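Only one structure is covered here, and it is reproduced in the block below.
The values are calculated or read from the model by the stated rules, or taken from the named source; none is laboratory data. A quick note: this is a predicted structure, and the numbers were derived from the prediction, not measured. Using ideal geometry, Cβ is built from the backbone for each residue, glycine included, and neighbour counts are taken over all protein chains shown. Surface areas here come from the heavy atoms of the whole protein model, side chains and all, with no ligands, DNA or RNA. Shrake-Rupley method; radii C 1.70, N 1.55, O 1.52, S 1.80 Å.
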Amino acid sequence: MAINFLGSFETVESLPKRRAPEFAFIGRSNVGKSSLLNALVGQRVARTSNTPGRTQSINLFDWDGIILADLPGYGYAKASKTDIVRWADRLEKYLCSRDQLERLFILVDSRHGLKDSDIDMMDFCDANALPYQIVLTKFDKSKKSDIEKIRADIECEIAKRGAACPAIIITSAEKKTGIPELKKEICAP
């Protein structure tokens, strides 16, 4: 599948008005959004960094007619409070205005499980009827027993929620674990 960078957008108003199905990746700063997107498409297209908050714009990619959105992280970031508030406002506007958004993938670090900011994002999605799915990242850096407990805790949490997809995808961008399952969620007819 071919991948093309559509651009890095500072405002929701500047986003392309394409009607293609869109899938967005969001999560806490440094959870591995850009790395997972790169593993998904099989090449390095999204910029990665060890510095939390590096992705500051809405980055869009056309993946054979499917739009992938790499969104700025929430939670901890090395940025001013003004910038963080501006990002949060832009994110809310994006999520509430993109009719073509098929699913939001909320990435959660498998070493830490759900944090308050993840719960806040899930609450927002449920309140606004935005379909989302939990993706555990960095599987290769966690103990299997820890992963199973975190997975069970998340399954209990999403069972109470209306907009959540019940399937949790466990991934490692480095080891390519879970990439076929993620691809199936996006590319299924």
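The table for this structure:
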{"read-out": "Matching entry among Ala127, Ala163 (being over 23 Å from Arg18 (Cα atoms) and touching a Pro at 6+ places or on another chain (Cβ under 6 Å))", "value": "Ala163"}
{"read-out": "Residue satisfying all of: in the stretch 103-121; under 12 Å from the mean Cα position of the chain (by Cα) and of a type outside the set (Phe, Trp, Tyr); most open to solvent (accessible area, probe 1.4 Å) among these", "value": "Arg103"}
{"read-out": "Matching residues, the stretch 12-29, being part of a loop (DSSP other than H, G, I, E, B) and open to solvent by less than 60 Å² (accessible area, probe 1.4 Å)", "value": "Val12, Ser14, Leu15, Pro16, Ala20, Pro21, Ser29"}
{"read-out": "Selection count, the stretch 7-25, where residues are of a type in the set (A, V, I, L, M, F, W, C) and modelled with pLDDT of 95 or more", "value": "3"}
{"read-out": "Filter result for the condition that a residue is closer than 19 Å to Ser57 by Cβ and at pLDDT 95 or above, over Leu91, Leu136, Leu107", "value": "Leu107"}
{"read-out": "Residue within the stretch 176-188 that is under 19 Å from Trp63 (Cα atoms) and touching an Asp or Glu at 6+ places or on another chain (Cβ under 9 Å) present", "value": "yes"}
{"read-out": "The stretch 131-155 residues that are open to solvent by 50 Å² or more (accessible area, probe 1.4 Å), paired with ones that are part of a helix (DSSP H, G or I) and not aliphatic (A, V, I, L, M) (beta carbon under 9 Å, 6 or more apart)", "value": "Pro131/Cys125"}
{"read-out": "The stretch 30-50: number of residues that are open to solvent by less than 20 Å² (accessible area, probe 1.4 Å), small (Gly, Ala, Ser) and assigned to a helix (DSSP H, G or I)", "value": "2"}
{"read-out": "Flag if Thr177 is touching a residue at least 40 places away in the same chain (Cβ under 8 Å) and not small (Gly, Ala, Ser)", "value": "no"}
